[in-house]
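One structure is given below, encoded as structure tokens.
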Amino acid sequence: MGNYRQIYYQIVFGTKHWEPTISGENCTDLYKYIWGVVQAKKCKLFQINGVEDHIHIFSDLHPTISLSSYVQDIKVASSIWMKANGLFPQFEGWQEGYSAFTYNIRDRDMIINYVRNQKEHHKTESSKDEFRRLLRENGIEFEEKYLF
């Protein structure tokens, strides 16, 4: 019998100190690179997008990999790539933590659209306000002093 799964995550992580170091003109290259990392982990990428200071990845998770190692592998590989290729000269690295929110199949199209429209969405909501909202919507308690 094979491995069957339906484990959907929206993963969000920011740049170090939430600095706006992901230039818009090169973000497509970054997203393509991360897509390759996701495929190498045998996961399915449904949508990736972000703005200058953070990204959202909506993907499933292969049953043989843990969420923490999946995110770590994406962050390490993309950080090395970003620093080596010169497309992101201000990029210092990713923040230490990340957030991951689970969804079911009925939410899939809604989350794909949400992630797809990040640039438009952030014209009216700051990254930090969005992050607080996502935590609240998902019932995650937090202390403001540890967020940023």
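The values are calculated or read from the model by the stated rules, or taken from the named source; none is laboratory data. Nothing here was measured: the structure is a model prediction, and the numbers come from that model. Ideal geometry is used to build each Cβ from the backbone, glycine not excepted, and the neighbour counts take in all protein chains shown. Just the protein is used for accessible areas: all its heavy atoms, side chains included, with ligands, DNA and RNA removed. Shrake-Rupley method; radii C 1.70, N 1.55, O 1.52, S 1.80 Å.
For the chain, return all DSSP H helices satisfying: extent of Cα atoms along own axis at least 24 Å; mean Kyte-Doolittle hydropathy at least -0.5.
What comes out of the filter, once short or polar helices are dropped, is 67-85.
Using a 1.4 angstrom probe, figure out how much accessible area the chain has per residue, in square angstrom, rounded to the nearest whole.
Working: 8380 Å² over 148 residues.
Accessible area per residue: 57 Å².
Considering the dipole of the chain built from charges on the beta carbon (Lys and Arg +1, Asp and Glu -1) around the Cα centre, which of 89, 34, 54 is farthest to its positive end?
34
Could you tell me the relative contact order of the chain? Use alpha-carbon pairs under 8 Å, at least six residues apart, and round to a whole percent.
Dividing the mean separation by the residue count of the chain yields 34 percent.
Using the Cα centre of the range 17-146 as the reference point, and only Cβ charges (+1 on K/R, -1 on D/E), how large is the resulting charge dipole? Debye, rounded to the nearest 20.
Once rounded to the nearest 20, the dipole reads 460 debye.
Net charge within 9 Å of residue 60 by Cβ-Cβ distance, Lys/Arg positive one each and Asp/Glu negative one each, not counting residue 60 itself?
+2
Would you kindly compute the Cα radius of gyration of the range 51-133 and its largest Cα-Cα separation (Dmax), both in Å?
In order Rg, Dmax, the Cα atoms of the range 51-133 give 14.4, 40 Å.
May I ask which residue of 63, 103, 124 lies farthest towards the positive end of the charge dipole of the chain, with charges of +1 (Lys, Arg) and -1 (Asp, Glu) on Cβ and the Cα centre as origin?
Result: 63.
Using a 1.4 Å probe over the heavy atoms of the protein chains, calculate the carbon and sulfur portion of the accessible area of the range 1-63 as a whole percent.
Summing carbon and sulfur atoms, their accessible area is 48 percent of the total for the range 1-63.
Computed from the coordinates I sent, percent of Cα pairs over 20 Å apart equals one of (i) 47; (ii) 44; (iii) 51. Tell me the label.
So the calculated entry is the one marked (i).
Cross-link candidates for residue 44: which lysines have Cα within less than 16 Å, leaving aside residues fewer than 8 places away along the same chain?
Within the straight-line limit of under 16 Å, residue 44 reaches these lysines: 32.
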